[in-house]
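I have placed the structure first, in the form of structure tokens, so that the comments after it can refer back to it.
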């Protein structure tokens, strides 16, 4: 096993409240920190550790995000290669809708370094709590919005549908973060296969500060292209149909009882 070590942790969504004791211990014990978090969380990390590198600096409005991700991974691994005990801190849960944490852990392990990931409170965990939704009641389908748009996906209208990063829908070049109404209209048109134009959907954004409230704006599906969206907005589409019993299966179960 190589001398360097990598721990990837999640700081949760709401700064100051969601960080676990184990993740905090890893942050304090590390030789060097890398962070992809909001500005408030980054300021706090600077107060906790003398060596923090801001991974947000690899982003640029006119730069392909895939290149930014590669540069972030290389920066983290360069410290691991130098024999450092490295901790990389990511917003929310580092393994949910995040590419760099998974890739950098995989690369470190393939090179013979000890690497692991610690969970954090994720945006979907906040969503279920804030909106009072139980994924076990009707089931849930969860998908990145562009992935849903450009692939053939079978939707169950009896279940809850979550579409993540909806503001970036159709952004195939991975450049910029602003929503494009024409691309959003393509998403809406596809959703019309299962839902009516006046179906009520929810624009959800988790609170990131203790003094903030979460966003839960209810709009009609038809109005989505003109709605105010940011990179953290999630589109929540409630079920539109009731579940239908599978009578043949139920009949077989009754015979077993």
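The values are calculated or read from the model by the stated rules, or taken from the named source; none is laboratory data. Every value quoted in this text rests on a predicted model; they were computed, and no experiment measured them. Neighbour counts are summed over all protein chains in view; Cβ atoms, including those assigned to glycine, are modelled from backbone coordinates with ideal geometry.
Can you find, within the range 22-54, the residue that is surrounded by the most Cβ atoms within 10 Å (Cβ to Cβ) among those that are within 18 Å of the chain's Cα centre (by Cα) and in a helix (DSSP H, G or I)?
Restricting to residues being within 18 Å of the chain's Cα centre (by Cα) and in a helix (DSSP H, G or I), the top hit is 41.
Out of 241, 247, report the one residue that is over 17 Å from the mean Cα position of the chain (by Cα), in contact (Cβ under 8 Å) with a residue 60 or more places away in the chain, surrounded by fewer than 18 Cβ atoms within 10 Å (Cβ to Cβ) and over 26 Å from residue 59 (Cα atoms).
Going through 241, 247 in turn, just one is over 17 Å from the mean Cα position of the chain (by Cα), in contact (Cβ under 8 Å) with a residue 60 or more places away in the chain, surrounded by fewer than 18 Cβ atoms within 10 Å (Cβ to Cβ) and over 26 Å from residue 59 (Cα atoms): 241.
Restricting attention to the range 145-172, report how many residues are in contact with a strand residue (DSSP E or B) (Cβ under 7 Å, 6 or more places away or on another chain) and within 20 Å of residue 228 (Cβ to Cβ).
Here the count works out to 6.
When the residues of the range 1-21 are narrowed to those that are loosely packed, with under 15 Cβ neighbours inside 10 Å and over 21 Å from the mean Cα position of the chain (by Cα), which ends up modelled with the lowest pLDDT?
Here the residue is 1.
Please report, ordered by residue number, the strands (runs of 3 or more DSSP E) entirely within the range 84-194 with at least 1 residues that are buried (at least 17 other Cβ atoms within 10 Å of the Cβ) and over 16 Å from the mean Cα position of the chain (by Cα).
Where strands (runs of 3 or more DSSP E) fall fully within the range 84-194 and carry at least 1 residues being buried (at least 17 other Cβ atoms within 10 Å of the Cβ) and over 16 Å from the mean Cα position of the chain (by Cα), they are 85-90, 114-117, 160-164.
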